Each structure stands twice: as C-alpha cells, then as structure tokens.
Amino acid sequence: MILIVDSGATKADWIALDENGNQLFFTQTLGLSPEVLPREIIDERLANNFELFKHRKEVTQLFFYGAGCGTLRMRNFLRDIFQAYFPNGKIIVKEDTYAAVYATVTIEEQAIVAILGTGSNCSYWDGHELFQKVDSLGYILMDDCSGNYFGRQLLRDYYYHKIPKHLASKFAQNYDMEADVIKNHLYRQPNPNTYLATFARFVIENKKEEYMLKLIRKGMQLFIDNSIRQFEQAERVPVHFIGSIAFYLKDELNAILEENNLKMGKVLRKPIDGLVEYHKNLMFE
C-alpha cells in the first residue's frame with residue numbers, strides 16, 4: 001500500500017493506492033506541521049485516525065509533503081515519527097512546495113510556484129529542480145498574504161480601531177474578540193498560525209469592502225515584492241498558485257499580477273489530485 005499525503009498547517013489529505021494505482025481510501029487528519037507541533041500531538045493525530053491505524057502495517061511507501069518541512073531537521077523529525085507508526089514502510093518526507101510543483105507544472109516547464117494558504121511559500125522550478133532563495137522563518141516573521149497574515153492584520157486593526165465601524169461590529173459578531181480568548185489561542189494553545197488563519201474567511205466574505213480590498217492588495221503586493229520578485233525569471237514564466245487564499249481571491253490576485261507584469265498560471269485549492277496523478281505516472285514509467 002502506498003500513502004500519498006499533502007499536509008498544510010490546518011489539515012492533511014491522505015490517499016492510499018494499491019500496487020496498480022487504484023485508490024483504496026481517502027482520509028484526513030489535522031495538519032502535521034513539525035515547526036509548531038510536538039511529537040506527542042503528531043502521534044495523537046495519527047492514532048486518532050481509524051483508517052491509518054487499521055492499515056499502518058500494510059503501508060510499504062509513504063510520500064509525505066508538508067508545511068513546516070523546509071529544513072532537514074524537521075524532515076528527519078517527522079520521518080522518525082512516521083517510521084515508528086508505519087514500521088514496514090519506506091518514508092519520504094518533502095516540503096509542501098514539491099506537492100505544489102508536482103500538481104501544477106507540465107513536463108520540463110519553467111515556472112514560479114507559490115503557496116497561499118494558512119501559510120505562504122514561493123519557489124522557482126527550472127523544469128528539473130526546485131530553487132528557493134529564502135528560508136522561511138515562519139508565520140511570525142514571514143508568510144505574507146497567507147491566511148495567518150490576514151488574521152494577524154485583522155486582529156491588530158480591530159484592537160487599534162482601524163476597521164470601519166460597521167465591519168468591526170460584524171467581525172465581533174462572528175468571532176470571540178475577548179483579549180483573554182485571543183491570547184490563550186496565540187500563546188497557550190497549539191497551532192497559533194492555524195488559529196490566526198481562521199479569520200481569513202472574514203476577509204474573503206467581505207472582499208468587496210474598500211477596507212478589505214486595501215488589506216488584500218497590501219498583502220498580495222508584499223508577497224509579490226518579497227517572494228515572487230526574488231527570482232529574476234518572474235516576468236518570463238507563469239506563476240502557479242496552490243491554496244485557499246489564492247483560490248478564493250483569484251480575481252484580485254490576477255488583477256495585481258497584471259499590474260506587476262506577471263502572468264498567472266494554474267490556481268488550485270488543493271494539490272492532492274495532481275499529486276496522486278504524478279505518483280501514478282511514476283509507478284508505470
């Protein structure tokens with residue numbers, strides 16, 4: 001049994017294939033980012049999934065693509081956990097950017113591949129290899145234009161009284177804005193980045209508001225300036241996007257890309273289907 005996994009910070013999609021490429025089952029767990037989760041929580045999230053527990057000894061290969069797997073230390077950390085849980089499997093752990101690449105690029109295509117979901121990331125694919133010029137320092141210092149970026153900006157503006165009154169009132173009706181509640185999630189609970197990203201839904205639902213449009217454009221321009229334009233090929237190749245922020249704000253993203261002389265490529269909410277097709281093709285080469 002082969003397991004193929006795409007894990008963001010919020011949730012992970014798992015698809016099992018047999019040796020002929022037929023799908024055996026699909027399941028989900030909460031996200032398994034090693035940057036923000038200790039081993040005991042990752043172990044718990046695996047053990048709480050019935051399908052994974054039931055078939056854990058049948059797994060011969062695990063291909064895991066995950067947020068927070070950009071460094072060798074984090075990849076080795078996860079690999080050790082998976083090896084203990086799937087004792088008969090060969091474990092391969094890569095960062096989620098590879099999933100985005102495999103799901104969007106065509107054979108030997110050159111492209112910039114970006115992730116705009118709970119977090120954000122950007123790489124250049126030259127048709128054969130993946131290149132990153134900047135190591136991400138995570139949601140506190142980076143992650144421009146991500147779900148947690150927009151959540152962070154909304155919370156700041158709400159408490160600094162910079163959100164228009166009608167939107168602030170609507171915001172408070174949809175979320176618990178008590179300071180103690182917010183600080184508990186940010187400083188005492190696991191996955192503070194995922195918590196921040198829950199507020200991005202409010203941005204998307206109210207994206208036609210002038211305040212929201214300015215917020216969206218600011219985040220997108222930061223991502224273009226800091227992430228996309230780090231590559232000299234930016235204006236010569238398409239920019240593919242993966243993630244819910246890119247998917248639900250596609251029109252706004254396309255508009256600002258055009259203003260920056262950049263070409264939008266594919267925009268997918270999740271890479272899992274393309275990722276499975278990539279591995280099926282590898283099986284029968």
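The values are calculated or read from the model by the stated rules, or taken from the named source; none is laboratory data. These numbers were taken from a predicted model, which means no experiment stands behind them. Here the Cβ is made from the backbone with ideal geometry for all residues, glycine too, and neighbour counts use every protein chain on show.
One table, with the values for the structure above:
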item	result
Residue among N281, N226 that is under 21 Å from A99 (Cα atoms) and of a type in the set (S, T, N, Q)	N281
F26, sole failed condition from (1) out of contact with any Asp or Glu (no Cβ under 8 Å at 6 or more places or on another chain); (2) modelled with pLDDT of 95 or more	(1)
All positions within segment 102-124 that are of a type in the set (A, V, I, L, M, F, W, C) and surrounded by fewer than 24 Cβ atoms within 10 Å (Cβ to Cβ)	A103, V105, I107, A111
Check on F63, more than 16 Å from the chain's Cα centre (by Cα), within 19 Å of D273 (Cβ to Cβ) and not in a loop (DSSP other than H, G, I, E, B)	yes
Some residue of segment 108-118 being more than 15 Å from the chain's Cα centre (by Cα), without any contact (Cβ under 8 Å) to a residue 24 or more places away in the chain and within 21 Å of V36 (Cα to Cα)	no
Among (1) surrounded by 14 or more Cβ atoms within 10 Å (Cβ to Cβ); (2) touching a Lys or Arg at 6+ places or on another chain (Cβ under 7 Å), the one test that H55 misses	(2)
Matching residues, segment 139-186, being touching a residue at least 12 places away in the same chain (Cβ under 8 Å), part of a loop (DSSP other than H, G, I, E, B) and surrounded by fewer than 16 Cβ atoms within 10 Å (Cβ to Cβ)	P164, M177
Residues (in a loop (DSSP other than H, G, I, E, B) and either touching a strand residue (DSSP E or B) at 6+ places or on another chain (Cβ under 6 Å) or free of Cβ contacts under 8 Å to residues at least 12 places away in the same chain (or both)) located in segment 127-138	E129, Q132, L137
In segment 130-161, the residues that are within 20 Å of the chain's Cα centre (by Cα), over 18 Å from L249 (Cβ atoms) and not hydrophobic (A, V, I, L, M, F, W, C)	Q132, K133, D135, S136, G138, Y139
Meets criteria (over 24 Å from L257 (Cα atoms) and not in a strand (DSSP E or B)) for V203	no
Whichever residue in segment 78-101 is farther than 30 Å from R152 by Cα, in contact (Cβ under 8 Å) with a residue 40 or more places away in the chain and hydrophobic (A, V, I, L, M, F, W, C) and, among such residues, is surrounded by the fewest Cβ atoms within 10 Å (Cβ to Cβ)	I81
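Each row is one residue, and each column tells you yes or no for (1) surrounded by fewer than 18 Cβ atoms within 10 Å (Cβ to Cβ); (2) part of a strand (DSSP E or B); (3) within 18 Å of the chain's Cα centre (by Cα); (4) among the aliphatic types (A, V, I, L, M).
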| position | (1), (2), (3), (4) |
| --- | --- |
| G219 | no, no, yes, no |
| L222 | yes, no, yes, yes |
| A234 | no, no, no, yes |
| F241 | no, yes, yes, no |
| F247 | yes, no, yes, no |
| D251 | yes, no, no, no |
| A255 | yes, no, no, yes |
